[in-house]
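Notes follow once the structure below has been shown.
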Amino acid sequence: MNNKLYEYLLMLGDNSMILGHRLSELCGHGPNLETDIALTNISLDLFGQVRSYFQYAAEVKGGEFTEDTIAFLRKDREYRHVLLVEQPNEDFGHVIGRQFLYDSYHLPLLKQLTESKDETIAAIAHKSVKEARYHLRFSSEWVKRLGDGTDESHQRMQKAIEHLYPFIFELFQETDIEKEMKELKIGADLSRIKEESMTTIGEVLADATLKIPESAPRMAKGKTGIHSEHLGFILSDLQYMQRAYPDMQW
Amino acid sequence: MDIKSLEERFNERIDAGESIEAKDWMPEKYRKTHIRQISQHAHSEVVGMLPEGNWITRTPTLRRKVALLAKVQDEAGHGLYLYSAAETLGITRDEMMEQLNSGKAKYSSIFNYPTLSWADIGAIGWLVDGAAIINQVMLTRTSFGPYARAMVRICKEESFHQRQGYEIMLTLANGTPEQKEMAQDALNRWWWPSLMMFGPRDEDSPNTAQSVRWKIKRKTNDELRQQFVDNTVPQADYIGLTIPDQDLKWNEEKGHYDFGPIDWDEFWQVVNGNGICNKERLKARNDAWDNGEWVRDAAIAHAEKRQNNKVVKKSA
């Protein structure tokens with residue numbers, strides 16, 4: 001049981017961590033200072049959540065595990081995030097598109113987790129749900145601005161959505177661990193999340209004058225540890241210090 | 001009132017220690033000097049995000065990552081207040097960005113040095129922010145009100161950053177030999193450029209007299225530099241790192257540290273655009289600005305559409 005709870009916490013934490021990492025790459029390079037600050041804020045919120053999940057995961061796992069060994073010292077196949085969050089910062093449209101699609105899933109996820117039978121998960125969700133609500137508001141507004149802005153921004157935003165939308169289905173594919181956590185009322189019910197998420201996406205894209213792509217879902221197995229080629233490079237940054245200088249205090 | 005009496009009145013106000021506000025009469029040169037100085041300061045905050053941003057994706061721990069992200073974000077915030085303060089003097093943020101991106105405006109040369117190891121993040125917080133604070137504490141009492149007030153808030157955050165940087169250095173200095181070596185190497189590389197942050201020697205700094213007259217500067221470059229050395233040497237001693245200056249020695253008579261000669265050739269080389277990262281810093285700023293143009297245009301276009309929709313709805 002403990003091992004499954006640990007794996008479930010990794011799924012929760014890794015999505016926040018890899019998305020937070022992608023956003024952190026942009027710090028200092030935003031289209032203006034206001035958006036730079038806002039994206040960094042979201043990254044900070046996500047890393048705050050990561051710390052809570054991984055501190056708890058370390059407790060669950062016991063022994064020598066810490067939030068940092070969990071974050072930085074796993075092998076690539078042990079990361080449990082979905083492929084959506086590792087997609088690169090192609091342009092601001094892709095950054096906003098990735099954020100919006102994830103937020104539309106993240107908010108209903110956290111709303112459900114506030115009711116989790118696991119008190120720690122419920123407490124983390126309780127704190128994070130407010131952040132996710134703000135993230136979704138921010139990203140939806142930007143999807144609308146870019147979708148219904150200039151011709152160029154419309155085209156770029158549509159292109160970003162075309163690329164990213166096929167990745168969202170992975171979020172709703174239930175793994176064995178998620179199924180078990182749902183049955184124990186620790187984890188969330190993905191079918192309910194999917195409903196709310198698809199409604200949000202439909203409404204916001206319509207408002208933004210953007211089309212929902214008809215493309216088929218991408219094959220994605222991130223939750224079981226099979227990722228795209230992007231992950232190796234993300235990890236070579238993320239893990240650099242811990243790998244180059246092992247077993248030290250920082 | 002004619003210009004001459006306006007100027008006399010202005011000088012009296014400066015002498016009386018009154019604060020000059022954006023809408024008050026001021027000599028054109030005072031206005032221009034402030035636009036230049038405040039925008040340079042804002043540019044330094046914004047360009048200063050780059051060398052530290054370089055390590056955000058590679059911090060050794062999650063705690064350090066959150067702290068560094070928050071720090072670099074604070075610098076963006078400082079850039080914002082300062083650009084706003086400069087805007088009160090009749091220049092737009094876009095104009096200032098244009099001056100930065102074209103290379104016309106300067107920013108603090110220290111940010112043209114590379115961050116080569118994690119210890120550089122500690123060294124920048126400790127030394128570069130430490131040097132900046134000395135300057136900025138003085139500026140909280142500068143004669144131009146909006147600038148002075150922006151400085152009060154900035155100083156609080158900067159002193160937090162400085163403690164954070166020093167704490168990184170302390171941790172490294174108390175760590176493994178490899179970590180201590182990393183910290184010492186960072187101190188060796190950042191020490192002299194930090195001393196150069198205060199600008200040329202007083203005898204080579206023609207602007208100082210006018211700036212002192214207008215209470216833009218209340219201390220000279222050399223006085224501020226001395227203060228920095230006096231503050232920092234004991235801090236290095238405390239964590240067991242060595243300041244890379246063989247001439248450094250406590251002078252009992254003066255009550256200050258004596259220190260060795262600064263390599264002003266290096267200073268001017270970097271100021272004139274030939275430091276290790278000058279080109280890269282400017283390119284990063286230009287890329288961010290150019291790649292963001294369609295985003296800024298879209299935001300304006302969207303706001304206009306909304307405004308028009310409101311008007312249409314109202315008149316319907």
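The values are calculated or read from the model by the stated rules, or taken from the named source; none is laboratory data. No experiment lies behind these values; they were computed from the predicted model shown. Don't worry about glycine lacking a Cβ; one is built from the backbone with ideal geometry, like all the others, and counts go over all protein chains shown.
Here is the figure for region A:4-29: residues that are touching a residue at least 60 places away in the same chain (Cβ under 8 Å) and not in a helix (DSSP H, G or I) total 2. For region B:65-84, the criterion of a residue being in contact with a Lys or Arg (Cβ under 9 Å, 6 or more places away or on another chain), more than 22 Å from B:E157 (Cβ to Cβ) and modelled with pLDDT under 95 is satisfied by no position.
Among the charged types (D, E, K, R) and within 14 Å of another protein chain (Cβ to nearest Cβ): which single residue out of A:D247, A:D189 fits that description?
Values: A:D189 fails: within 14 Å of another protein chain (Cβ to nearest Cβ).
When all the criteria are applied, what remains is A:D247.
Among the residues of this structure, A:K111 counts as one that is surrounded by fewer than 20 Cβ atoms within 10 Å (Cβ to Cβ), closer than 13 Å to A:A132 by Cβ and more than 11 Å from chain B (Cβ to nearest Cβ). Restricting A:S104, A:S116, A:S128 to residues that are in a loop (DSSP other than H, G, I, E, B), away from every other protein chain (no Cβ under 14 Å) and either among the small types (G, A, S) or touching a residue at least 60 places away in the same chain (Cβ under 8 Å) (or both) narrows the list to A:S116. Beta carbons closer than 9 Å, at least 6 apart along the sequence or on distinct chains, pair a first residue in region B:58-83 that is without any contact (Cβ under 8 Å) to a residue 12 or more places away in the chain and more than 7 Å from every other protein chain (Cβ to nearest Cβ) with a second that is surrounded by fewer than 24 Cβ atoms within 10 Å (Cβ to Cβ) and in a helix (DSSP H, G or I) for B:R63/A:R51; B:R63/A:E67; B:R63/A:D68.
Quick check on my filter: what residues within region A:201-250 are crowded, with 19+ Cβ neighbours inside 10 Å and in contact with a Ser or Thr (Cβ under 9 Å, 6 or more places away or on another chain)? Step through it out loud before you land on a result.
Taking region A:201-250 and keeping what is crowded, with 19+ Cβ neighbours inside 10 Å, we get A:201, A:204-205, A:208, A:210, A:220, A:222-223, A:227, A:231, A:234-235, A:238, A:241-242.
If the condition is that a residue be crowded, with 19+ Cβ neighbours inside 10 Å and in contact with a Ser or Thr (Cβ under 9 Å, 6 or more places away or on another chain), then A:I201, A:V204, A:A208, A:A220, A:G222, A:K223, A:I234, A:L238, A:M241, A:Q242 are the ones that fit.
When A:G93 is tested against (1) closer than 27 Å to A:M219 by Cβ; (2) in contact (Cβ under 8 Å) with a residue 40 or more places away in the chain; (3) more than 10 Å from every other protein chain (Cβ to nearest Cβ), exactly one condition is not met: (3).
One residue alone among B:N309, B:N291 is modelled with pLDDT of 95 or more and either over 30 Å from A:T209 (Cα atoms) or not aromatic (F, W, Y) (or both), and that residue is B:N291. Among the residues of region A:86-102, those identified as crowded, with 24+ Cβ neighbours inside 10 Å and within 21 Å of A:R133 (Cα to Cα) are A:F92, A:G93, A:V95, A:I96, A:G97, A:R98, A:Q99, A:F100, A:L101, A:Y102.
Enumerate the pairs (first residue in region B:160-174 and more than 12 Å from A:Q249 (Cβ to Cβ); second residue anywhere and of a type in the set (V, I, T) and assigned to a helix (DSSP H, G or I)) with beta-carbon separation below 7 Å, excluding pairs fewer than 6 apart on the same chain, so at least 6 apart or on different chains. Pairs found: B:Q162/B:I133; B:G165/B:I124.
Among the residues making up region A:47-77, those that are facing chain B (nearest Cβ under 10 Å), free of Cβ contacts under 8 Å to residues at least 60 places away in the same chain and surrounded by 21 or more Cβ atoms within 10 Å (Cβ to Cβ) are A:F47, A:V50, A:R51, A:F54, A:E67. Considering region B:250-284, the residues that are buried (at least 16 other Cβ atoms within 10 Å of the Cβ) and part of a helix (DSSP H, G or I) include one that is nearest to the other protein chains (Cβ to nearest Cβ), namely B:A284. B:I216 passes every criterion in (1) in contact with a strand residue (DSSP E or B) (Cβ under 9 Å, 6 or more places away or on another chain); (2) without any contact (Cβ under 8 Å) to a residue 60 or more places away in the chain apart from (2). Does A:E59 meet the test of being at pLDDT 95 or above and either more than 27 Å from B:A284 (Cβ to Cβ) or assigned to a loop (DSSP other than H, G, I, E, B) (or both)? Yes: the conditions hold for A:E59.
When we screen A:A220, A:A206 for residues that are among the hydrophobic types (A, V, I, L, M, F, W, C) and free of Cβ contacts under 8 Å to residues at least 24 places away in the same chain, the only hit is A:A206.
Where residues in region A:157-171 are free of Cβ contacts under 8 Å to residues at least 60 places away in the same chain and surrounded by fewer than 17 Cβ atoms within 10 Å (Cβ to Cβ), which of them is nearest to A:G93 (Cα to Cα)? Steps first, please.
To start, the set of residues in region A:157-171 that are free of Cβ contacts under 8 Å to residues at least 60 places away in the same chain comprises A:158, A:162, A:166, A:169.
Within this subset, residues satisfying the condition of being surrounded by fewer than 17 Cβ atoms within 10 Å (Cβ to Cβ) are A:162, A:169.
Numbers: A:E162: 11, A:F169: 20 Å.
Result: A:E162.
So, B:V312, is that one surrounded by 12 or more Cβ atoms within 10 Å (Cβ to Cβ) and part of a helix (DSSP H, G or I) or not? Considered against the rule, which asks whether it is surrounded by 12 or more Cβ atoms within 10 Å (Cβ to Cβ) and part of a helix (DSSP H, G or I), B:V312 comes out as no. Suppose the filter is of a type outside the set (K, R), under 13 Å from the mean Cα position of the chain (by Cα) and at negative phi; does A:L109 pass it? Yes.
So for region B:290-299 (the condition being among the aromatic types (F, W, Y), surrounded by 15 or more Cβ atoms within 10 Å (Cβ to Cβ) and farther than 20 Å from A:G28 by Cα), does at least one residue qualify? Write out each step before concluding.
At the first step, the residues of region B:290-299 found to be among the aromatic types (F, W, Y) are B:294.
If we keep only those that are surrounded by 15 or more Cβ atoms within 10 Å (Cβ to Cβ) as well, we get B:294.
Filter once more, so that each one left must be farther than 20 Å from A:G28 by Cα: none.
No, because not a single residue in region B:290-299 is among the aromatic types (F, W, Y), surrounded by 15 or more Cβ atoms within 10 Å (Cβ to Cβ) and farther than 20 Å from A:G28 by Cα.
The condition of being in a loop (DSSP other than H, G, I, E, B) and either acidic (D, E) or within 14 Å of chain A (Cβ to nearest Cβ) (or both) holds for only one of B:D247, B:D287, that being B:D247. Any residue that is part of a loop (DSSP other than H, G, I, E, B) and within 15 Å of the chain's Cα centre (by Cα) - is there at least one of those in region A:47-56? No: zero hits.
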